[in-house]
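To start, the structure under review is shown below, and the notes come after it.
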Amino acid sequence: MSIDISSRFNYEQLFRFVLPSVVMMIFISTYTMVDGFFVSNYVGKTAFTAVNLIFPAIMVFACVGFMFGAGGSALVAKTMGEGQTEKANRLFSLIVLSAFAGGILLSALGYFLMPFFASAMGASGEVLACSVFYGRTLLLSLPMFVLQRVFQSFMVTAGKPSLGLHMTILFGVMNIGLDALFILIFKWGLLGAGLATVLCEYAGGLFPLIYFLKRNTSSLQLVKPEWDGTALWKVCTNGSSELLTNISMSFVSMLYNYQLISIAGTDGVVAFGVIMYVAFFFEAIFIGYSMGTAPIVSYNYGARNPERVKAAFKMLLKASLVYSTLLWAAVMLFPQGFAAMFTNKPELLTFTKTALRIYMACLLLFGVQIACQMTFTSLGYAKASILVAVMRKFVLLIPLIYILPLVFTADKTTAVYLAEPAADFIAVSFTAVLFAFQFRKALRQISDGEASDKKPATM
């Protein structure tokens, strides 16, 4: 189904429009969850610890995909809103090529740095060897992983969110099937988990590439790119908030693992791994909804339609608040159900349940944070978006991970988990004030531009 992003949306239409992006992000989050499920239940605790330790390092290198996807789709959608279709296609093609080249370079760099990352997070012995092996295996598909992330953003801009959804579901089912085949039947262990993910990411990158290279019914087409350094710089700066957000999330995960392995041993890392899988799944809903709404905001910003920009954001914010409340309630009421997917050991299960309830308090605020940050990016307010990303993770969360265990010495493990909701509470207050100022500014600029266009020309 093809959807025109220039249309006026009500709640029902917006929900239908963004639903493919939401489901798509949920399925993407299951890639890691599936690996974790099979490794935890059928390979062993050491391998599961290794996967949890090294995955954040992989995401550091993969974050370039989020940068090109978020920054690129915002610029291309704005260009389409200005009526410059050919230019939009050239920009789209340049962004895809640049992202792929960046993925290749980062894959090579990551191969050599993987032992450093693993040892820096406290891995040693068998855990270190498994971490490096799994990390290097995943790096084989990093360029395709980057392409997949870029195309996921552009599927919405191209008016083909349903196609992106169908592809993602196909690859998600493929990942489950390959994990089962390689681990349960072939008994390949950690290698099987890594290869399953690699093959799925190759499929996820190549299929949309072939689609956009051929003549299609979408709003975008891959053509011969033309170098535009200024535009590429805009893409990188505008998408840098998503880059910094994902890099900071990866570094924060590494810090959590480092603290927990020193305080609670491998059980602490295993418990945090479970929390991350659940968090990835829930956060995917907010990110997917924001991804689906972002091109609408960018298009109408380019078309100078302030009312539709305002309406799109209001619907995004209300939906985020509703989802936040529902998901938080699910975790508070049924933590054991989520934890039991990855462990059946009674003592570890109890530990993980408590940790989930503490950490996932951040769900009440996360949706608002993502909605504001994504809207900043959609409007081209790169500095504001970067400031929000830096404030939440680097300025607040990283220090709190170290400080709170020093303050609450009676229960250092609980203190570590408290860092996330504490940081989010402060960050969302700052974000709300900044957003109120910047959003009004953007609407005034659109209105002023619209008014100047309507003035009669003077001789």
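The values are calculated or read from the model by the stated rules, or taken from the named source; none is laboratory data. This is a predicted model, so every value here is computed, not measured. Cβ sites come from the backbone with ideal geometry, for glycine too, and all protein chains shown count toward neighbours.
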Handout entry: Matching option when the condition is farther than 28 Å from F376 by Cα and of a type outside the set (S, T, N, Q), among A271, A294
Key = A271
Problem - Unique residue being closer than 30 Å to F48 by Cβ and among the hydroxyl-bearing types (S, T, Y) when the list is T217, T197, T230 - result: T197
Handout entry: Top-ranked residue of the stretch 43-60 - restricted to ones that are under 16 Å from L195 (Cα atoms) and part of a helix (DSSP H, G or I), ranked as modelled with the highest pLDDT
Key = A47
Handout entry: Exclusive hit being under 24 Å from S298 (Cα atoms), assigned to a helix (DSSP H, G or I) and of a type in the set (D, E, K, R), set E242, E201, E226
Key = E242
Handout entry: Number of the exception - S290 against (1) over 29 Å from E420 (Cα atoms); (2) within 23 Å of the chain's Cα centre (by Cα); (3) of a type in the set (G, A, S)
Key = (1)
Fill in the blank from the handout: The one condition T377 fails out of (1) polar (S, T, N, Q); (2) farther than 30 Å from S40 by Cα; (3) at pLDDT 80 or above is (3)
Handout entry: Whichever residue in the stretch 171-195 is among the hydrophobic types (A, V, I, L, M, F, W, C) and at pLDDT below 90 and, among such residues, is surrounded by the fewest Cβ atoms within 10 Å (Cβ to Cβ)
Key = V173
Exercise for the section: Filter the stretch 391-422 for residues that are crowded, with 16+ Cβ neighbours inside 10 Å, closer than 29 Å to V235 by Cβ and in contact (Cβ under 8 Å) with a residue 40 or more places away in the chain and give the result. Expected result: M391, R392, K393, L397, I398
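Yes/no per residue for (1) part of a helix (DSSP H, G or I); (2) closer than 23 Å to F437 by Cα; (3) modelled with pLDDT under 85:
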residue: N344; (1), (2), (3): no, no, yes
residue: L348; (1), (2), (3): yes, no, yes
residue: V368; (1), (2), (3): yes, yes, yes
residue: Q373; (1), (2), (3): yes, yes, yes
residue: I386; (1), (2), (3): yes, yes, yes
residue: A389; (1), (2), (3): yes, yes, yes
Practice task
Could you grab me the full set of residues in the stretch 122-168 that are assigned to a loop (DSSP other than H, G, I, E, B) and either among the polar types (S, T, N, Q) or surrounded by fewer than 24 Cβ atoms within 10 Å (Cβ to Cβ) (or both)?
Solution key: G122, S124, L140, S141, G159
Handout entry: Candidates A330, A284 - the one that is modelled with pLDDT of 80 or more and part of a helix (DSSP H, G or I)
Key = A330
Problem - Residue under evaluation F251, criteria (1) aromatic (F, W, Y); (2) within 21 Å of M114 (Cα to Cα); (3) crowded, with 21+ Cβ neighbours inside 10 Å, criterion not met - result: (3)
Handout entry: Leading residue by the ranking (surrounded by the fewest Cβ atoms within 10 Å (Cβ to Cβ)) among those in the stretch 375-384 that are assigned to a helix (DSSP H, G or I) and among the hydrophobic types (A, V, I, L, M, F, W, C)
Key = A382
Practice task
Only one of these is within 21 Å of Q373 (Cα to Cα), surrounded by fewer than 21 Cβ atoms within 10 Å (Cβ to Cβ) and out of contact with any strand residue (DSSP E or B) (no Cβ under 9 Å at 6 or more places or on another chain): F338, F281, F286, F334. Name it.
Solution key: F281
